[in-house]
Amino acid sequence: LAKTTQPISMDSYEGQEVNITCSHNNIATNDYITWYQQFPSQGPRFIIQGYKTKVTNEVASLFIPADRKSSTLSLPRVSLSDTAVYYCLVGPTGGFKTIFGAGTRLFVKA
Amino acid sequence: EPEVTQTPSHQVTQMGQEVILRCVPISNHLYFYWYRQILGQKVEFLVSFYNNEISEKSEIFDDQFSVERPDGSNFTLKIRSTKLEDSAMYFCASRNRGLNWTDTQYFGPGTRLTVL
């Protein structure tokens, strides 16, 4: 499974767009990129998944450059409730082993 | 929306005792997972389970741990003889084979295990 590197923490203000970048230099051809969100004392929650280019859903966008060695999770107009830890995971879909990194702790201020 | 449930929410036990953590995955899901998270640390994969057998396990999942799907709805994690370092939040997750073969895992709320 490809190793991922993310910033340990980020601060933002309400209403701003937040971009969290994840590096995954050793991504394999059949690997997908998946982002999860975790609030304190709760289980991780799936946000978005992609393979290449751009994916958008009602919560976030995921930008993946052509070389796929990195990806950027974009959260539009964050609110205080977006304060959480965000994890970038890389691996084949349908895989049986999921490795979480340390994640990025996002703190949104008023 | 269907969700994964876990019981109990908090379990306190004495060192050396056996504990069983219970999970009810989403009903049409086929793949099941257990993770643990020590306070302040990252989520750690323990084991995955498919077709009534373990698919993958981590080095944490030693002989003290076992998993079982005793009926069509429950998925359990047993720790045979708990140690102080087993104190953590334990999360169950389940997944189905999506139309696009995505890997969305749905996590339960967790069981906080405290070993005294």
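The values are calculated or read from the model by the stated rules, or taken from the named source; none is laboratory data. Only a predicted model underlies this, so the values are computations on that prediction, with no experimental measurement involved. Because the Cβ atoms are built from the backbone with ideal geometry, glycine has one as well, and the counts that use them run over all protein chains shown.
Summed over segment A:86-107, the residues that are at pLDDT 85 or above, of a type in the set (Val, Ile, Thr) and farther than 15 Å from residue B:45 by Cα give a count of 1. For residue B:94, the conditions (1) touching a Pro at 6+ places or on another chain (Cβ under 7 Å); (2) in a loop (DSSP other than H, G, I, E, B) are fulfilled apart from (2). Among B:53, B:68, B:18, which is within 14 Å of chain A (Cβ to nearest Cβ) and either in contact with a His (Cβ under 7 Å, 6 or more places away or on another chain) or over 20 Å from residue A:43 (Cα atoms) (or both)? On inspection, the qualifying residue turns out to be B:53. Residue A:68 - would you say it is away from chain B (no Cβ under 14 Å) and surrounded by 18 or more Cβ atoms within 10 Å (Cβ to Cβ)? Judged against the criteria, residue A:68 is a match. Only one entry of B:81, B:58, B:48 meets the criterion of being loosely packed, with under 13 Cβ neighbours inside 10 Å, touching an Asp or Glu at 6+ places or on another chain (Cβ under 9 Å) and not charged (D, E, K, R), and that entry is B:81.
Somewhere in segment A:75-89, is a residue touching a Lys or Arg at 6+ places or on another chain (Cβ under 7 Å) and more than 14 Å from chain B (Cβ to nearest Cβ)? There is no residue in segment A:75-89 that is touching a Lys or Arg at 6+ places or on another chain (Cβ under 7 Å) and more than 14 Å from chain B (Cβ to nearest Cβ). Within segment B:21-46, can you find the residues that are at the interface with chain A (Cβ under 9 Å from one of its Cβ atoms) and assigned to a strand (DSSP E or B)? Across segment B:21-46, the qualifying residues are B:31, B:33, B:35, B:37, B:44, B:45.
Taken together, the residues in segment B:53-74 that are outside any strand (DSSP E or B) and either touching a strand residue (DSSP E or B) at 6+ places or on another chain (Cβ under 8 Å) or modelled with pLDDT under 90 (or both) amount to 10. Looking across segment B:78-99, the residues that are within 27 Å of residue B:16 (Cα to Cα) and either of a type in the set (D, E, K, R) or within 14 Å of chain A (Cβ to nearest Cβ) (or both) come down to B:78, B:80, B:83, B:85, B:86, B:88, B:89, B:90, B:91, B:92, B:93. Residue A:42 satisfies every condition listed in (1) more than 26 Å from residue B:61 (Cα to Cα); (2) within 14 Å of chain B (Cβ to nearest Cβ); (3) of a type outside the set (Lys, Arg); (4) without any contact (Cβ under 8 Å) to a residue 12 or more places away in the chain except (1).
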